[in-house]
Ligand code: URA
């Protein structure tokens, strides 16, 4: 099913939308972030990965998933044979939200208002790319797409419907894998994530 913004956005291209997003003030997060981090990848992607929000590295480089979580994500995609450049990778929220602790910028979770304000851009990306499958990486992405909180551990690996009818495969965020202290548990969770990525690969055109 096509999002209800599709007719409107067909007039624009992804590059035009990306440029427009550079001056986004839909919520307050633009005030402290370095820049908007818009999605990137293939305009013809059959899979769109949606993560949470840019981290410190992404905020500096202006590209999604280039920090530690992104490197793990890249390694797992390679392991299952998905070429990242043939997919589209974006975030539910496109500005870095953080708290200053000394000189360090500590990631802070986006709230429902920020997720909802940024949904505008995600809808444009979905309508222009029309992916066969969208993958929600973690709770913020799932909430943004489904329109309500999703218990990730209950639904991981399952395909749900977004509130606008897009099929959404739900899984954990790669940073969750990085935070598991016990190596055995970490390994087991990584394996489950790899299985989810294999499901994604099977759904790709
Ligand atoms: N975490 C995310 O959710 N997205 C990024 O781009 C980087 C880290």
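Read the figures in this text as sums done on the coordinates, not as results from a lab. Note that this is a predicted model, so its numbers are computed, not measured. Ideal geometry is used to build each Cβ from the backbone, glycine not excepted, and the neighbour counts take in all protein chains shown.
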Grab the eigenvalues of the alpha-carbon gyration tensor for the chain, scale each by 5, take roots, and send me the semi-axes largest first in whole angstrom. 24, 22, 15
Gaussian network model of the chain, Cα within-10 Å springs - most flexible of 71, 18, 156: 71
Using the basic label-point model (7 angstrom from Cα toward the beta carbon), what is the residue 34 to residue 101 distance in nanometres? 2.0
Distance from the Cα centre of the range 81-113 to that of the range 181-201, in angstrom? 21
Let me have the relative contact order for the chain, percent, based on Cα pairs under 8 Å that are six or more residues apart. 25
With a 10 Å radius around each residue's Cβ, average the other Cβ atoms per peptide and rank 44-50, 22-28, 187-193, highest first. 44-50, 187-193, 22-28
Report, in deg cm²/dmol and to the nearest 500, the calculated mean residue ellipticity at 222 nm for the chain, where each DSSP H run with n ≥ 4 adds -39500 (n - 2.57) and the sum is divided by the residue count. -12500 deg cm²/dmol
Over the C-alpha atoms of the range 122-205, what are the Rg and the largest Cα-to-Cα span, Dmax, in Å? 13.3, 41
Antiparallel bridges, percent of DSSP beta bridges restricted to the range 6-203 (to nearest 5): 45
Taking the alpha-carbon set of the range 9-58, what are its Rg and Dmax in Å? 12.4, 34
For the range 84-144, how big is Rg over Rh, using alpha carbon atoms and the Kirkwood form of Rh? 1.04
By average Cβ neighbour count within 10 Å, what is the ranking of 144-150, 72-78 from highest down? 144-150, 72-78
Please compute, for the alpha-carbon atoms of the range 57-160, the extent along each of the three principal axes and give them in descending order in Å. 43, 31, 30
Could you order peptides 134-141, 114-121, 179-186 by the average number of other Cβ atoms within 10 Å of their residues, highest first? 134-141, 114-121, 179-186
